[in-house]
1. As an exercise: evaluate residue 126 against (1) assigned to a helix (DSSP H, G or I); (2) farther than 24 Å from residue 46 by Cβ and give the number of the one condition it does not meet.
2. Being part of a strand (DSSP E or B) and either touching a residue at least 40 places away in the same chain (Cβ under 8 Å) or farther than 21 Å from residue 126 by Cβ (or both) is the filter here, so list the residues in segment 51-69 that pass it.
3. Of 120, 107, which residue is crowded, with 21+ Cβ neighbours inside 10 Å, at pLDDT 85 or above and of a type in the set (S, T, N, Q)?
4. Might you let me know whether segment 41-50 holds any residue that is surrounded by fewer than 15 Cβ atoms within 10 Å (Cβ to Cβ) and free of Cβ contacts under 8 Å to residues at least 12 places away in the same chain?
5. Considering only segment 88-103, state which residues are part of a strand (DSSP E or B) and more than 10 Å from the chain's Cα centre (by Cα).
6. Can you tell me which residue in segment 86-104 is modelled with the highest pLDDT, limited to those that are farther than 20 Å from residue 4 by Cβ and hydrophobic (A, V, I, L, M, F, W, C)?
7. Surrounded by 13 or more Cβ atoms within 10 Å (Cβ to Cβ) and within 11 Å of residue 113 (Cβ to Cβ), is that true of residue 53?
8. Is one or more of the residues making up segment 1-8 over 22 Å from residue 135 (Cβ atoms), polar (S, T, N, Q) and either in contact with a Cys (Cβ under 8 Å, 6 or more places away or on another chain) or modelled with pLDDT under 95 (or both)?
Amino acid sequence: MSWEGHCDFVQGRYSDGIDAVGIFGLDGRAWVNKSYDCPLGKIPETLVKEILNEIGKFEKEEAPIGGVHWGDLKFTSMKVEVYDADQNGKKFTGKRNDNGNIYAHTSKTCITVAHGKEGSLIGVMSNQVDSLRNYLWDNNY
């Protein structure tokens, strides 16, 4: 399956909720980045770098900056999870009223990021991203 196919798979399993998906290297650069009529467009690499920075601050027990930016919009950091990161990766959840959710999950060499429409269920969204992340992990990505 192509990298684009992986994004299509995630979005297709929750097409009512997810409107952008990307797989990025741990340097924040896009491997693939797709918008499915997301009003904000594709996921910016600068946003991914800020997510990775938030996760890094949490790991070092430093105060996170409290949010990440998609252009001029700030999404509040709702949750950062780093436990048994060697097996389970690291997770980030962000929210901005009237602009939906962001969910990200790291693997060995990459991070999968998705944007959910306003009103989308973060639990359903995270299940779809986690399923791709687990596939990538199992295949050494």
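1. (2)
2. The one that is part of a strand (DSSP E or B) and either touching a residue at least 40 places away in the same chain (Cβ under 8 Å) or farther than 21 Å from residue 126 by Cβ (or both): 69.
3. Result: 107 is the single residue among 120, 107 that is crowded, with 21+ Cβ neighbours inside 10 Å, at pLDDT 85 or above and of a type in the set (S, T, N, Q).
4. no
5. Scanning segment 88-103 gives 90, 95, 96, 100.
6. Selected residue: 102.
7. no
8. Scanning segment 1-8 turns up no residue that is over 22 Å from residue 135 (Cβ atoms), polar (S, T, N, Q) and either in contact with a Cys (Cβ under 8 Å, 6 or more places away or on another chain) or modelled with pLDDT under 95 (or both).
The values are calculated or read from the model by the stated rules, or taken from the named source; none is laboratory data. For clarity, every value in this text was computed on a predicted model and none was experimentally measured. Cβ: placed from backbone, ideal geometry, glycine included. Neighbour counts: every protein chain shown.
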